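The values are calculated or read from the model by the stated rules, or taken from the named source; none is laboratory data. No experiment lies behind these values; they were computed from the predicted model shown. Every residue, glycine among them, receives a Cβ derived from its backbone with ideal geometry; neighbour counts consider all protein chains shown.
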Amino acid sequence: MTPIQKFARSIRTRWHRLKNTRRITIDGVKVITDRKRIPPFIQKLLFRRQYEDQERALVVKHLRPGDRVLEIGCGIGLVSLVATKVCGEGNIFSYEANPQLEAIIRSNYRLNGWEPDLTMKAVTADGRRLKFFKEENILSSSLLDRNLDGREIEIESVAINDAIRRHDPTVIVMDVEGAEEEILPVADLEGVRALILELHPHIIGEAKVSALVKDLEARGFSLREKIHKTYFFER
């Protein structure tokens, strides 16, 4: 990014905050930016159009109308909304582990005149109950204990292959803050044509990320595009 682009983003953020902007449009969908509902760091990323920008770019470029998308890790719902705009309502099936995000996900969908197919559970290899580390920074909340200062809670999960059988996806979009190490090796990807994955070398290590990539390639997927930590694989 050039210095001029950085300056422009900074000015835009300040303008929105002074104006107390409560909603904005990104990639053709509306999201809530009300500071009473969105943490300041998320609001800043939204105003700068940086929130989940890598995943959004790959969704817009590579998803097709009619694709059935299994989204694991929904966040505030922006990526799934963009996917809904591309693929059509009723084709996005989202799972989110963090219970504090449900209200904002549903509100963002209603803002666009849609209803989510949303399951507020984690996705794991085996569907066990598990600990979830809920951080004040919701982007860092994780199934893994990252030695941050968050609160530990217990949540339910769905086994990845049960979710795949239930929804029969053609595409999987996954951002699970390191839990990909557990989920991907056991996932039955036979009917899946494409994957959009945020992988986390700073959490699981570069060697494990490389092993996941090699395993997917051995299973018939080719790495078509990579934007920083976000990968697009296709058969």
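Being surrounded by 14 or more Cβ atoms within 10 Å (Cβ to Cβ) and at pLDDT 95 or above, is that true of even one residue in region 126-133? Yes: one or more hits. If you check Ala125, Ala103 for being among the small types (Gly, Ala, Ser), touching an Asp or Glu at 6+ places or on another chain (Cβ under 6 Å) and farther than 12 Å from Leu81 by Cβ, only one passes: Ala125. The residues on offer are Leu81, Leu58, Leu70, and the sole one that is among the aliphatic types (A, V, I, L, M), in a strand (DSSP E or B) and within 14 Å of the chain's Cα centre (by Cα) is Leu70.
Applying a threshold of 7 Å to beta carbon distances and a minimum spacing of six or more residues, or different chains, the list of pairs starting in region 12-37 at a residue that is at pLDDT 95 or above and assigned to a strand (DSSP E or B) and ending at one that is of a type in the set (Gly, Ala, Ser) and surrounded by fewer than 18 Cβ atoms within 10 Å (Cβ to Cβ) reads Ile32/Ser107. Among the residues making up region 182-216, those that are part of a helix (DSSP H, G or I) and in contact with a strand residue (DSSP E or B) (Cβ under 7 Å, 6 or more places away or on another chain) are Glu182, Ile183, Val213, Leu216. Taking region 163-205 as the range and being of a type outside the set (A, V, I, L, M, F, W, C) and either in contact with a Pro (Cβ under 8 Å, 6 or more places away or on another chain) or outside the structural domain of Asp117 (by TED's automatic domain parsing) (or both) as the test, only Gly191 passes. Using the structure shown, decide if Gly150 is in contact with a His (Cβ under 7 Å, 6 or more places away or on another chain) and modelled with pLDDT under 95. It is false that Gly150 is in contact with a His (Cβ under 7 Å, 6 or more places away or on another chain) and modelled with pLDDT under 95. The combined condition, being in contact with a strand residue (DSSP E or B) (Cβ under 9 Å, 6 or more places away or on another chain), outside the structural domain of Val176 (by TED's automatic domain parsing) and among the aliphatic types (A, V, I, L, M), is fulfilled by Val31.
Of all residues in region 62-75, those satisfying the criterion of being buried (at least 22 other Cβ atoms within 10 Å of the Cβ), in contact with a strand residue (DSSP E or B) (Cβ under 7 Å, 6 or more places away or on another chain) and not charged (D, E, K, R) are Leu63, Val69, Leu70, Ile72, Gly73, Cys74.
Can you list residue pairs whose Cβ atoms sit under 8 Å apart, with the first residue in region 94-106 being under 19 Å from Arg129 (Cα atoms) and the second being of a type in the set (Ser, Thr, Tyr) and surrounded by 15 or more Cβ atoms within 10 Å (Cβ to Cβ)? Count only pairs 6 or more apart in sequence or on different chains. Qualifying pairs under 8 Å: Ser94/Ser80; Ser94/Thr119; Tyr95/Thr119; Glu96/Thr119; Ala97/Ser141; Ala97/Ser157; Asn98/Ser141. Cβ-Cβ contacts under 7 Å between residues 6 or more apart (or on different chains), taken from a first residue in region 215-235 that is surrounded by 14 or more Cβ atoms within 10 Å (Cβ to Cβ) to a second residue that is polar (S, T, N, Q) and not in a helix (DSSP H, G or I), are listed as Phe233/Ser222; Glu234/Ser222.
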